[in-house]
1. Efficiency by 1/(1 + (r/R0)^6): what FRET value for residue 194 and residue 36, r their Cβ-Cβ distance, R0 = 30 Å, to the nearest 0.05?
2. Any idea what % of Cα-Cα pairs in the stretch 12-54 are farther than 13 Å?
3. Express in nm, to one decimal, how much length is gained between residue 62 and residue 202 on full extension, taking 0.36 nm for each residue of separation and deducting their alpha carbon distance.
4. Could you give the nm distance between label points at residue 43 and residue 144, where each point is 7 Å from its Cα heading toward the beta carbon?
Amino acid sequence: MNKVLTLPSAEPADNETLAEHIFRKIQSAIVKGEIAPGSKISEPELARIHGVSRGPLREALHRLEGQKLLVRVPHAGARVVSLSPKELAELYEIRESLEGMACRLAADRMPSAEIEELRQVLLAHEKDAAFQAGIGYYQQEGDYDFHYRIVKGSGNEMLFRMLCDELYQLARMYRIQYSTTPNRPRQSYAEHHRILDAIADRDGELAELLMRRHIRASRLNIENQIAQGNLKRTEA
């Protein structure tokens, strides 16, 4: 009998430090667009909103800089990152190439048990309320993220650091905020299943091709939304 996977709670963890908790809250607000791209970061205001001292807050902000979600502007302080269309296209070109490679490696290296776990992740995504309503795709991170699990399954530690550490939250930010075509969540879900089927069949060439097409379609969809001046939150 297959294990039934449930989606994780968004509640704070009991063992979190204050800095970790503040870091996660601000990170989430930036990634979801609740703090808009380009916004100036006010340490006194954030300290007041979250009821914390400047020490834990500065630790959290330093970590967000490391994730490329915040940038330091000379004589202006920290701002939320705002990629130009050219920079965004470059980010997606990197994803297309490297995540395609990750799929090819995963088809060769990912254990069958992990492939089945990933299939259960997709089935859990299908049950998400936003997906069922046709307005979004489940956006949890880490082991509940289809893309993350495949890069992890590639077995390439350097690739994992590049895609799931250095660029991960920046890519999530644009995945969540900039893909608003009504049919995109269902299309993306179907594409995920086809990619996983190719990995399960140990067809690395097909898996790589399908992932590259998937990310390219997401990039074109995002570029179309930018051209139309739209900014909503669904799956890329």
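1. 0.30
2. The proportion of pairs with Cα distances above 13 Å equals 59 percent.
3. 46.3 nm
4. Here the modelled spin labels are 3.3 nm apart.
A short reminder: the numbers here are calculations on the coordinates, not readings from a lab. On a predicted model such as this, the values are computed, not experimentally measured, just so you know. All Cβ positions, glycine included, derive from the backbone under ideal geometry; neighbour counts span all protein chains shown.
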